[in-house]
Amino acid sequence: MVSECPHIIVFMTDFGLNDTYVGQMKGVILSISPLAQIIDLTHSISPQNVVQGAFILQKSVLYFPAKSIIVSIVDPGVGSLRKAIAVETDRHTFLAPDNGVLTGIFQTQIIKRCISITEKRYMLAVQSATFHGRDVFSPIAGHLLAGVSIQDLGNEMDPSDCIKIQLPKCSTSDNGQTWNGSIIYTDHFGNLVTSLDTERFDASNHWQLQVGICKPIPIVTTYADVGNLQPLAYTGSSGMIEIAIRNGNASSTLDVGEGDPVRISIIAK
Amino acid sequence: MVSECPHIIVFMTDFGLNDTYVGQMKGVILSISPLAQIIDLTHSISPQNVVQGAFILQKSVLYFPAKSIIVSIVDPGVGSLRKAIAVETDRHTFLAPDNGVLTGIFQTQIIKRCISITEKRYMLAVQSATFHGRDVFSPIAGHLLAGVSIQDLGNEMDPSDCIKIQLPKCSTSDNGQTWNGSIIYTDHFGNLVTSLDTERFDASNHWQLQVGICKPIPIVTTYADVGNLQPLAYTGSSGMIEIAIRNGNASSTLDVGEGDPVRISIIAK
Amino acid sequence: MVSECPHIIVFMTDFGLNDTYVGQMKGVILSISPLAQIIDLTHSISPQNVVQGAFILQKSVLYFPAKSIIVSIVDPGVGSLRKAIAVETDRHTFLAPDNGVLTGIFQTQIIKRCISITEKRYMLAVQSATFHGRDVFSPIAGHLLAGVSIQDLGNEMDPSDCIKIQLPKCSTSDNGQTWNGSIIYTDHFGNLVTSLDTERFDASNHWQLQVGICKPIPIVTTYADVGNLQPLAYTGSSGMIEIAIRNGNASSTLDVGEGDPVRISIIAK
């Protein structure tokens with residue numbers, strides 16, 4: 001991680017990949033800032049699932065270059081009076097609706113400046129009621145990249161006035177003997193990513209996981225630690241406990257899904 | 001929209017996102033023109049649906065930088081004798097099969113030059129019968145970006161000789177009391193985008209929409225104007241009337257789809 | 001194909017398009033090498049299907065610019081002791097797990113150097129057990145682009161010590177009267193791509209194809225050679241025989257799929 005890359009824009013949205021929404025946003029940005037380099041983190045946040053978006057953003061953001069402009073649009077309130085905000089931190093600049101999707105960022109990065117975006121001259125002249133990703137956030141991102149200062153986008157606001165949401169929990173009520181969380185999302189392989197954060201547990205114990213009506217699932221190091229088509233839980237690439245079936249699909253096999261509770265407990269010796 | 005960006009190529013195709021078609025096209029372009037910046041408008045046009053492609057292209061094109069090269073491939077006639085054309089307008093340069101996919105462009109942009117592409121030296125040496133996107137259009141786009149003149153691609157032709165198709169209609173037979181159109185496509189959220197163009201109606205009236213066997217659906221401003229899980233119609237981000245279910249999926253709920261007729265009428269006071 | 005493009009990275013993986021895996025990899029690369037131009041060949045290799053990946057890579061690689069860095073990750077053994085390798089050929093540099101996914105490359109390109117990747121300083125400091133695409137291969141690719149020599153990545157190894165796999169066959173047991181192969185994958189249009197390589201057959205004969213319990217399918221030049229909704233076989237854009245239904249979907253109609261055997265034979269005159 002050696003260089004600053006002030007020409008990079010990262011998108012995270014729930015717009016999907018099949019429509020023209022993302023392509024139009026890129027067109028708007030490149031019309032203003034032709035040298036922008038745009039990365040798609042994902043456009044497959046579950047529609048309007050702000051909690052999932054906030055979780056995924058927090059887990060992914062450390063992999064993006066310093067000074068990136070990160071545009072996070074999961075926006076069930078588009079067209080209402082919700083604010084649009086620009087947040088400059090010690091590492092990145094974020095553009096998002098003020099609905100809590102930046103909650104994890106407020107918790108983990110140092111906030112340097114927070115702006116309520118109001119300046120019409122940096123938005124498209126004609127604005128739809130439903131697509132501020134194209135009409136507001138993309139032109140703002142393009143203008144930031146082209147040299148506009150974040151202060152020029154609107155009025156400074158106190159970060160504590162921005163909306164925060166409850167992120168998926170990883171909690172214990174018995175001094176760490178058991179931990180409770182939930183399933184956040186299902187990945188392409190059918191693996192179930194949970195909110196249980198490996199850093200919180202005492203790794204010197206042996207743990208098992210309980211989800212749905214399944215038998216307890218062992219928490220192991222890697223796929224090879226269980227037999228073929230057997231369930232396992234392990235620390236996934238985001239540092240969270242994930243549930244998988246070796247050479248299989250946990251999502252379709254275990255009959256559990258997003259939002260379902262999970263719990264881990266120490267295996268008695 | 002401040003700069004000209006002669007290094008930008010925009011793709012619209014029906015090739016989908018799962019195969020290697022799009023990746024191979026990008027490889028061909030970058031082999032010829034290494035600094036090309038490529039935007040995917042969409043690769044999810046319904047297979048071989050030229051009408052849908054023409055409609056979506058027209059609605060999206062204004063968001064792309066001036067001087068972009070826009071490659072639009074929905075090409076059921078690939079391998080037949082249909083022409084490949086290059087069309088320079090006051091805003092962009094288009095490459096497409098001559099099958100009507102540029103109909104909306106011919107109607108809305110000023111045509112400066114129209115070429116029937118024939119010059120083999122700007123195509124790949126070996127050509128498949130089925131993938132001119134890679135073997136013809138991509139190398140042509142790369143060479144245009146690298147400085148080849150559009151006139152060098154083949155013989156000039158009269159734009160009126162290019163094939164035009166009937167775009168989805170938005171018509172009235174009673175002086176604007178009712179308007180008839182159809183559903184063009186379904187987006188990622190299950191919203192149904194119609195051919196009914198808001199600019200044509202008298203917005204001082206109250207309107208309702210009829211589709212399938214559903215009860216009339218009110219045309220409102222935004223989602224919040226109806227109750228949870230209720231249907232609504234509104235002006236979408238493309239300027240067309242869209243049908244949605246608040247916090248739901250209109251496509252799966254209403255049992256209507258692409259091509260189905262829609263009609264709006266004034267609500268009696 | 002006129003220029004060398006040492007800033008281009010090509011990805012082929014089985015990570016899918018819906019998760020954050022690919023976006024995180026791009027973030028890591030651009031953090032190290034901000035001017036990288038990244039092409040997605042495909043992220044839709046069937047999960048853990050190394051044979052399919054090897055086949056598709058070999059068929060696509062000639063369309064990428066000389067000097068591209070091609071990262072091919074289909075990696076069922078991630079987290080085990082399998083090696084990670086860097087292979088420099090006369091045309092490209094490949095990064096991949098040592099599991100046979102480069103088999104077709106070893107067969108068709110001239111190998112100049114082969115390295116077992118071991119140098120931790122070019123990987124991310126914290127490595128997950130399951131996502132070496134982000135933690136190992138992406139930073140290695142970024143550092144190669146930034147000027148690190150392939151020799152500095154680890155120890156040179158003999159290419160003959162790299163793992164090779166059996167690629168899908170195209171074989172005859174009767175001097176070319178019949179050829180046997182299999183279905184490799186199904187594309188976006190429902191066309192079935194086989195391992196039967198057109199270059200091997202005597203094109204002066206008339207051929208037919210047998211698959212599943214279908215009636216023999218004629219091998220023709222293009223879609224228009226058969227009636228509407230009729231099956232056909234033809235040379236696809238990768239040079240292999242493909243099976244399609246004119247204006248239809250062969251995959252869903254013919255009830256055959258990946259791995260199923262196919263055979264072609266000469267039609268008696």
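The values are calculated or read from the model by the stated rules, or taken from the named source; none is laboratory data. The model shown is predicted, which means the values in this text are computed figures rather than measured ones. Every residue, glycine as well, gets a Cβ built from its backbone with ideal geometry; the counts of neighbours run over all protein chains shown.
Looking at (1) in contact with a strand residue (DSSP E or B) (Cβ under 9 Å, 6 or more places away or on another chain); (2) over 16 Å from B:TYR234 (Cβ atoms), find the lone condition where B:GLN210 falls short. Of the numbered conditions (1) in contact with a strand residue (DSSP E or B) (Cβ under 9 Å, 6 or more places away or on another chain); (2) over 16 Å from B:TYR234 (Cβ atoms), the odd one out for B:GLN210 is (2). Scanning segment A:63-81 for residues that are of a type outside the set (S, T, N, Q), in contact (Cβ under 8 Å) with a residue 24 or more places away in the chain and either within 14 Å of chain C (Cβ to nearest Cβ) or over 20 Å from A:ALA129 (Cβ atoms) (or both) yields a total of 8. When restricted to residues that are assigned to a loop (DSSP other than H, G, I, E, B), of a type in the set (Val, Ile, Thr) and over 15 Å from the mean Cα position of the chain (by Cα), segment C:90-112 contains 1. Taken over segment B:15-40, the criterion of being among the polar types (S, T, N, Q), more than 7 Å from chain C (Cβ to nearest Cβ) and in contact with a strand residue (DSSP E or B) (Cβ under 8 Å, 6 or more places away or on another chain) is satisfied by B:GLN37 alone.
Can you name every residue in segment C:3-35 that is closer than 19 Å to C:ALA86 by Cα and in contact with a Lys or Arg (Cβ under 8 Å, 6 or more places away or on another chain)? The answer is C:CYS5, C:PRO6, C:ILE8, C:MET25, C:VAL28. Residues of segment A:106-159 that are of a type in the set (Asp, Glu) and farther than 17 Å from A:ILE70 by Cα: A:GLU119, A:ASP152, A:GLU156, A:ASP158. Is there a residue in segment B:111-122 that is surrounded by 23 or more Cβ atoms within 10 Å (Cβ to Cβ) and out of contact with any helix residue (DSSP H, G or I) (no Cβ under 6 Å at 6 or more places or on another chain)? Within segment B:111-122, none of the residues are surrounded by 23 or more Cβ atoms within 10 Å (Cβ to Cβ) and out of contact with any helix residue (DSSP H, G or I) (no Cβ under 6 Å at 6 or more places or on another chain). For B:LEU167, the requirement of being of a type in the set (A, V, I, L, M), within 22 Å of the chain's Cα centre (by Cα), closer than 19 Å to B:ASN49 by Cα and at pLDDT below 95 is met. Of the residues B:ILE243, B:ILE219, B:ILE266, the single one that is away from chain A (no Cβ under 12 Å), closer than 15 Å to A:THR130 by Cα and out of contact with any helix residue (DSSP H, G or I) (no Cβ under 6 Å at 6 or more places or on another chain) is B:ILE219. Being over 25 Å from the mean Cα position of the chain (by Cα), over 18 Å from C:PRO168 (Cα atoms) and among the small types (Gly, Ala, Ser) holds for only one residue in C:SER265, C:SER252, and it is C:SER265. For segment B:1-31, taking the residues that are charged (D, E, K, R) and under 16 Å from C:PHE11 (Cα atoms), the one that is modelled with the highest pLDDT is identified as B:LYS26.
Counting only residues that are within 12 Å of A:SER195 (Cβ to Cβ) and in a strand (DSSP E or B), segment A:244-265 holds 4 of them. Criterion first (within 25 Å of the chain's Cα centre (by Cα) and over 17 Å from B:PRO47 (Cβ atoms)) does C:PRO218 satisfy it? The answer is no for C:PRO218. Only one of the listed residues (C:SER80, C:SER72, C:SER68, C:SER33) is within 12 Å of the chain's Cα centre (by Cα) and among the hydroxyl-bearing types (Ser, Thr, Tyr). That residue is C:SER72. Residues in segment C:127-155 that are facing chain A (nearest Cβ under 9 Å) and either of a type in the set (Asp, Glu) or surrounded by fewer than 20 Cβ atoms within 10 Å (Cβ to Cβ) (or both): 4 in all.
Restricting attention to segment A:182-230 and to residues that are touching a residue at least 60 places away in the same chain (Cβ under 8 Å) and touching a Leu at 6+ places or on another chain (Cβ under 7 Å), the residue that is surrounded by the most Cβ atoms within 10 Å (Cβ to Cβ) turns out to be A:ILE183. Filtered by the rule that a residue be touching a strand residue (DSSP E or B) at 6+ places or on another chain (Cβ under 7 Å) and under 22 Å from C:TYR21 (Cα atoms), segment C:79-92 gives C:ARG82, C:LYS83, C:ALA84, C:ILE85, C:ALA86. Taken over segment B:82-98, the residue count meeting the criterion of being among the hydrophobic types (A, V, I, L, M, F, W, C) and either surrounded by fewer than 20 Cβ atoms within 10 Å (Cβ to Cβ) or within 14 Å of chain A (Cβ to nearest Cβ) (or both) is 0.
What about A:THR172, is it without any contact (Cβ under 8 Å) to a residue 40 or more places away in the chain, under 26 Å from the mean Cα position of the chain (by Cα), more than 24 Å from A:ILE105 (Cβ to Cβ) and within 14 Å of chain C (Cβ to nearest Cβ)? No, not satisfied.
Filtering segment A:184-236 to residues that are β-branched (Val, Ile, Thr) and at pLDDT below 90 leaves A:ILE213, A:THR221, A:THR222. The set of residues in segment C:113-149 that are assigned to a helix (DSSP H, G or I) and either in contact with a Cys (Cβ under 9 Å, 6 or more places away or on another chain) or small (Gly, Ala, Ser) (or both) comprises C:GLY133, C:SER138, C:ALA141, C:GLY142. Residues in segment B:42-52: is at least one among the hydroxyl-bearing types (Ser, Thr, Tyr), over 16 Å from A:ASP19 (Cβ atoms) and either at the interface with another protein chain (Cβ under 7 Å from one of its Cβ atoms) or touching a residue at least 40 places away in the same chain (Cβ under 8 Å) (or both)? No, there is no match, as no residue in segment B:42-52 is among the hydroxyl-bearing types (Ser, Thr, Tyr), over 16 Å from A:ASP19 (Cβ atoms) and either at the interface with another protein chain (Cβ under 7 Å from one of its Cβ atoms) or touching a residue at least 40 places away in the same chain (Cβ under 8 Å) (or both).
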